[in-house]
Structures are given as C-alpha cells and as structure tokens.
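Asker: Structure below; questions to follow.
The values are calculated or read from the model by the stated rules, or taken from the named source; none is laboratory data. Values in this document were obtained by computation on a predicted structure and should not be read as measured data. Cβ placement follows ideal geometry from the backbone for every residue including glycine, while neighbour counts extend to all protein chains displayed. Note: accessible area is taken over every heavy atom of the protein model, side chains too, but ligands, DNA and RNA are not part of it. Shrake-Rupley method; radii C 1.70, N 1.55, O 1.52, S 1.80 Å.
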Amino acid sequence: MLQGKSALITGSLGGIGFEIAAALARKGCNVLINGFGDDALIQNQLQLLRDTGAQAHYHGADISKPEDIDAMVLEAERLYGQIDILVNNAVTRHDAAIENLSPEKWAYALAVNLSAPYHFMHRLVPGMKTRNWGRIINLASIYGVEGTANRSDYVATKHGLVGLTKVVALECAEYHITCNALCPAAVHTPHLKKLITQRAQDAGVSEEALTADFLKARQPSKRFVQPSKVGALAAFLCSDDAGDITGTPIPIDGGWQARA
C-alpha cells in the first residue's frame, strides 16, 4: 500500500497516464494529475480518482515551459508536503521524415519528452534523497530501445529518456530511490485508436481488418496492451517489493522484442 505517499503524474488526463494515477490512488496514494483538456474532463477524472478515497488535484502546467514545471512542483508541495513518486508520462510526437520535421517541432519534442523529465527529476530528487525513499517512472516506449522510420523526434527522445533513467538510477541507488523506464509497444490509447481509424479510412478497409494487420506485424500476442496493465505495473514498481528493480527499461510489448 502507498498510504501517505504522494505522486505527480504528467500527461495524465487519459490513456496510460490516467491509468497509472488510478492504480496509485487505489493503493492510497495522493495524486496530482496534469494535461490539456476541458473542465468537464478534468472534473470527471478527478472525481474518479477521489472515489478511491485518495486526494486528487489537477495542475494545468505546460511542461514544455520550465517556469510551469516549477509552478507545478511548488503546488504539489503545497498540497501534499512532499512528492514521493514522479511519473514522467507526457509525450508529443510527429510523423514525418527528418527532412520534413521542422526545427520548431523537433525543439518542442525535446522540451516535452526529454527536458521536462530532467527538470522534474532535478527538482524532486533532492527531497527524495533527504527522505531516503522515492520512485521515478519514466514512460519510454518500444521505440526507446528500437527504431522506426518517420519518428525521429519520438525515437531520439525516448532513447534519451532510457539513458537518463539509467543515470538517475545509478545516482540514487544508495538512497532507496528507484528509477525505471517503461517501454510499452502498441497500447490501446486514444492516440492509437485515432491513428488506426485514419489509416483504415485512407486504405478503404475496416478498422477490424487494419487492426489485425497492424498487430500481426508487431505483437506476437495479436492484441493491444491495455493501459490498465501498464498502470498496474507502475503501481507495483512503486511498492517496497520492487525496491531492487532500478535502472531498467522494462518491456510491456506482447512479445515484440522476443522476435529479435
């Protein structure tokens, strides 16, 4: 159980981020969620989290901006006194060959996917060391350990996040602070649902047929990873039982990497 612990989770109004927040809240952890969305969505998600009995709050930081990150950390500390668990989940991506990826989009991906995790860890690790306990989970991707075409910003930043995870894990190993990178493959998220719908329309085929082809070429399980299972793994990594798992890119990929 995580009673008395508090977590900050970026990009957590839906998808994997929200499932992690929900899994932590069910363990008794207070959660500060974040992301872009309208007030109705925010209030609905907060109520779902509060229904577990945990405290839940929202901060609308634009984490591409260091000053917004500072404000979010200060608010978290005001609300909960301290942050014990950090989940860097927020992400941006652009599908384009490198010659078509603008410098502005490249810079934005670096800011959200890699610099923001640095800033949050830079701010929160000292307190974790002082308290001699902490958990950091960085959401990488299968593309944090593999490559694919037309995703230069995503692949580069996720590889960088895996490397940053290893460094922070080594620096914190003596302080009962773990730092791990989750590497999901095809997860049934709103982003992927939208992608498949668009590709099915473009190809003039059913979503069911395109989904089957999509998974067959990638995941031997032939099924999507469910966000709730990523949330459950994250919650386990925050437990004392997982105290010796650190510095590791952990696959959640339905057998994807086993083919290599």
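Asker: Cβ-Cβ under 6 Å, sequence separation 6+ or interchain: first residue in segment 246-260 and hydrophobic (A, V, I, L, M, F, W, C), partner part of a helix (DSSP H, G or I) and open to solvent by less than 30 Å² (accessible area, probe 1.4 Å). Which pairs?
Answerer: Listed pairs, sorted by first residue: 252/230; 256/142.
Asker: For the subset of segment 62-76 comprising residues that are without any contact (Cβ under 8 Å) to a residue 40 or more places away in the chain and touching a strand residue (DSSP E or B) at 6+ places or on another chain (Cβ under 9 Å), which member is farthest from residue 35 (Cα to Cα)?
Answerer: The extreme case among them is 71.
Asker: So which pairs qualify, if the first residue must be in segment 193-221 and free of Cβ contacts under 8 Å to residues at least 12 places away in the same chain, the second must be open to solvent by less than 80 Å² (accessible area, probe 1.4 Å) and not in a helix (DSSP H, G or I), the Cβ gap must be under 6 Å, and the two must be at least 6 apart or on different chains?
Answerer: none
Asker: Might you let me know whether segment 131-152 holds any residue that is farther than 19 Å from residue 112 by Cα, outside any loop (DSSP other than H, G, I, E, B) and out of contact with any strand residue (DSSP E or B) (no Cβ under 8 Å at 6 or more places or on another chain)?
Answerer: Checking segment 131-152: at least one residue is farther than 19 Å from residue 112 by Cα, outside any loop (DSSP other than H, G, I, E, B) and out of contact with any strand residue (DSSP E or B) (no Cβ under 8 Å at 6 or more places or on another chain).
Asker: In segment 90-126, how many are part of a helix (DSSP H, G or I), open to solvent by less than 60 Å² (accessible area, probe 1.4 Å) and of a type in the set (Val, Ile, Thr)?
Answerer: Here the count works out to 2.
Rundown of residues vs (1) of a type outside the set (Phe, Trp, Tyr); (2) in contact (Cβ under 8 Å) with a residue 60 or more places away in the chain; (3) in contact with a Ser or Thr (Cβ under 9 Å, 6 or more places away or on another chain), yes/no style:
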| position | (1), (2), (3) |
| --- | --- |
| 6 | yes, yes, no |
| 30 | yes, no, yes |
| 50 | yes, no, no |
| 84 | yes, yes, yes |
| 103 | yes, no, no |
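Asker: Taking interchain pairs and intrachain pairs at least six residues apart, which have beta carbon atoms under 8 angstrom, with the first residue in segment 160-187 and at positive phi and the second buried (at least 23 other Cβ atoms within 10 Å of the Cβ)?
Answerer: Hits for this filter: 176/134.
Asker: Is there any pair linking a residue in segment 224-243 that is among the basic types (Lys, Arg) to one that is outside any loop (DSSP other than H, G, I, E, B) and open to solvent by 50 Å² or more (accessible area, probe 1.4 Å), with Cβ under 9 Å and at least six apart or on different chains, and which?
Answerer: If the second residue must be outside any loop (DSSP other than H, G, I, E, B) and open to solvent by 50 Å² or more (accessible area, probe 1.4 Å), the pairs left are 229/19.
Asker: Of all the residues that make up segment 209-227, how many are in contact with a helix residue (DSSP H, G or I) (Cβ under 8 Å, 6 or more places away or on another chain), open to solvent by 60 Å² or more (accessible area, probe 1.4 Å) and either under 15 Å from residue 251 (Cβ atoms) or in a helix (DSSP H, G or I) (or both)?
Answerer: Within segment 209-227, residues that are in contact with a helix residue (DSSP H, G or I) (Cβ under 8 Å, 6 or more places away or on another chain), open to solvent by 60 Å² or more (accessible area, probe 1.4 Å) and either under 15 Å from residue 251 (Cβ atoms) or in a helix (DSSP H, G or I) (or both) number 1.
Asker: For segment 14-28, which residues satisfy the criterion of being touching a residue at least 40 places away in the same chain (Cβ under 8 Å) and part of a loop (DSSP other than H, G, I, E, B)?
Answerer: Within segment 14-28, 14, 27 qualify.
Asker: Now a separate question. Any chance you could count how many residues in segment 27-51 are more than 16 Å from residue 11 (Cα to Cα) and open to solvent by 70 Å² or more (accessible area, probe 1.4 Å)?
Answerer: Qualifying residue count, segment 27-51: 6.
Asker: Now, a different point. Just one of 54, 76, 61 is open to solvent by less than 20 Å² (accessible area, probe 1.4 Å), under 20 Å from residue 238 (Cβ atoms) and not in a helix (DSSP H, G or I); which is it?
Answerer: None of the others qualify; the one that does is 54.
Asker: Would you say residue 192 is at pLDDT below 90 and either open to solvent by less than 70 Å² (accessible area, probe 1.4 Å) or among the basic types (Lys, Arg) (or both)?
Answerer: Judged against the criteria, residue 192 is a match.
Asker: When residue 87 is evaluated against the numbered criteria (1) over 25 Å from residue 172 (Cα atoms); (2) assigned to a strand (DSSP E or B), which criterion, by number, is the only one it fails?
Answerer: (1)
Asker: Quick one: which of 169, 235, 258 is small (Gly, Ala, Ser) and either farther than 30 Å from residue 5 by Cβ or in a loop (DSSP other than H, G, I, E, B) (or both)?
Answerer: 258
Asker: Here's another thing I want to ask about it. Looking at the structure I just gave you, is residue 146 surrounded by 16 or more Cβ atoms within 10 Å (Cβ to Cβ) and more than 21 Å from residue 64 (Cβ to Cβ)?
Answerer: For residue 146, the condition - surrounded by 16 or more Cβ atoms within 10 Å (Cβ to Cβ) and more than 21 Å from residue 64 (Cβ to Cβ) - is met.
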